[in-house]
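These notes are about the structure you will find just below.
The values are calculated or read from the model by the stated rules, or taken from the named source; none is laboratory data. As the structure is a computational prediction, the values presented were derived from the model and not from experiment. When we count neighbours, we look across all protein chains shown, and the Cβ atoms used for this are built from the backbone with ideal geometry, even at glycine.
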Amino acid sequence: MQAELVRSSAAIEALSKQADELKAQLSAGNESIKHLNEIIEGYGSCCQASSCVSYGASNTVHVIQVNGVPEPFQVLCNSQLAGNGWTVIQRRINGEVDFYRSWDEYKRGFGNATGEFFIGLERLHHMTKDTPQQLYVWLEDFSNNTRCASFDDLKIGSEEEAYALLSLGKHQGTVKDAMRLSRGQKFTTFDRDNDADELNNCAELRHGAWWYDHCGYSNLNGFYTEADLEYDYANKGIFWADSDFHESDYSLKSVIMMIRPKDFKEPV
């Protein structure tokens, strides 16, 4: 009996030792898997395109991953209007998408990259946060006349800063700077009044959402309609006020806003 107990005890001890060894191997395996996942995640982060620059002379929809934005997302690239590498952040072309939307909707973005859309303030903040960006604005009226405006240092604040237009930079182009009063202004929607006008919510007054001061000279997220606005919608359309082009009582046919890294160099 004693000998049997001794053998049983030895067997139990051996099994316990084997169990400890298996646990150690399993732990080591888990650590290896964790390490491999970190490598894979790091590889994906470093190699995923972060803007349309990676897609060269493209004019179609691609997927990018931006630091600070949890998931990859679709963007429309444009190389037709001002050279290669531009990422479209807003497009108005036919009125199929309603741009009179809430704060949360402007934060997330809305629309479709193949049609009309706004890319989203949270994405725009992270896209401009660490990499200085140029902004290019293309305008077209209902007589097919076009104008453009460019700015060399766009930066959008965080939500805590109400997605303020922290920087816009130097203006150039074939149309006057209708965003001159938007510099430093917070973003305003009909349900989040952050403008400088103490008497009005400019988003309500202009039927849009923008970096308004006292309701300003530009309203590219305004009501879509054709050309001269009816009285009830005067100054509520898509306008870029310039006495040599159109004033705020004229609603534009098409608008494209797009960004590109400031240090981008066109290939020779």
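Got a sec? Which of VAL6, VAL69 is at pLDDT 65 or above and either under 30 Å from ALA209 (Cβ atoms) or surrounded by 10 or more Cβ atoms within 10 Å (Cβ to Cβ) (or both)?
One residue alone meets the criteria, VAL69.
Hey, among the residues in the range 138-176 that are within 22 Å of the chain's Cα centre (by Cα) and among the acidic types (Asp, Glu), which one's farthest from HIS126 (Cα to Cα)?
ASP152
Suppose we keep only residues that are free of Cβ contacts under 8 Å to residues at least 40 places away in the same chain and surrounded by fewer than 17 Cβ atoms within 10 Å (Cβ to Cβ) within the range 250-268. Which one would you say is farthest from the chain's Cα centre (by Cα)?
VAL268
Report, by residue number, each residue of the range 236-265 that is in contact with a strand residue (DSSP E or B) (Cβ under 7 Å, 6 or more places away or on another chain) and basic (Lys, Arg).
LYS236, LYS253, ARG260, LYS262
Report whether or not GLN172 is in a strand (DSSP E or B), touching an Asp or Glu at 6+ places or on another chain (Cβ under 9 Å) and either buried (at least 18 other Cβ atoms within 10 Å of the Cβ) or not acidic (Asp, Glu) (or both). Outline the logic, then answer.
Numbers: in a strand (DSSP E or B): yes; touching an Asp or Glu at 6+ places or on another chain (Cβ under 9 Å): yes; either buried (at least 18 other Cβ atoms within 10 Å of the Cβ) or not acidic (Asp, Glu) (or both): yes.
Judged against the criteria, GLN172 is a match.
Out of all the residues in the range 207-216, is one or more modelled with pLDDT of 95 or more, in the same structural domain as ARG147 (by the TED database) and in a strand (DSSP E or B)?
For the range 207-216, residues modelled with pLDDT of 95 or more, in the same structural domain as ARG147 (by the TED database) and in a strand (DSSP E or B): present.
Just the residues that are over 13 Å from the mean Cα position of the chain (by Cα) and either of a type in the set (Lys, Arg) or under 15 Å from GLY222 (Cβ atoms) (or both), please, taken from the range 97-128.
Passing the criteria: VAL97, ASP98, PHE99, TYR100, ARG101, GLU116.
Name the single residue, out of those in the range 225-241 being in a loop (DSSP other than H, G, I, E, B) and at pLDDT 95 or above, that is nearest to ARG183 (Cα to Cα). Write out each step before concluding.
Filtering the range 225-241 down to residues in a loop (DSSP other than H, G, I, E, B) leaves 225-226, 229-230, 234-236, 238, 241.
Add one more test, that the residue is at pLDDT 95 or above, and what stays is 238, 241.
Working: ILE238: 19, ALA241: 16 Å.
Going through the qualifying residues, I end up with ALA241.
Do we find that ALA203 is in a loop (DSSP other than H, G, I, E, B), farther than 30 Å from TYR55 by Cα and among the hydrophobic types (A, V, I, L, M, F, W, C) in this structure?
So ALA203 fails the test.
I need the full set of residues from the range 177-191 which are of a type in the set (Lys, Arg) and more than 17 Å from LEU121 (Cα to Cα), in order please.
The answer is ARG180, and nothing else.
Among the candidates SER27, SER45, which residue alone is surrounded by 11 or more Cβ atoms within 10 Å (Cβ to Cβ), at pLDDT below 90 and among the small types (Gly, Ala, Ser)?
One residue alone meets the criteria, SER45.
Exactly one of these conditions fails for HIS246: (1) crowded, with 20+ Cβ neighbours inside 10 Å; (2) under 21 Å from VAL88 (Cα atoms). Give me its number.
Evaluating HIS246 over (1) crowded, with 20+ Cβ neighbours inside 10 Å; (2) under 21 Å from VAL88 (Cα atoms) leaves (2) as the failure.
Hey, among VAL66, VAL61, which residue is hydrophobic (A, V, I, L, M, F, W, C) and either in contact with a His (Cβ under 7 Å, 6 or more places away or on another chain) or farther than 20 Å from TYR136 by Cα (or both)?
VAL66
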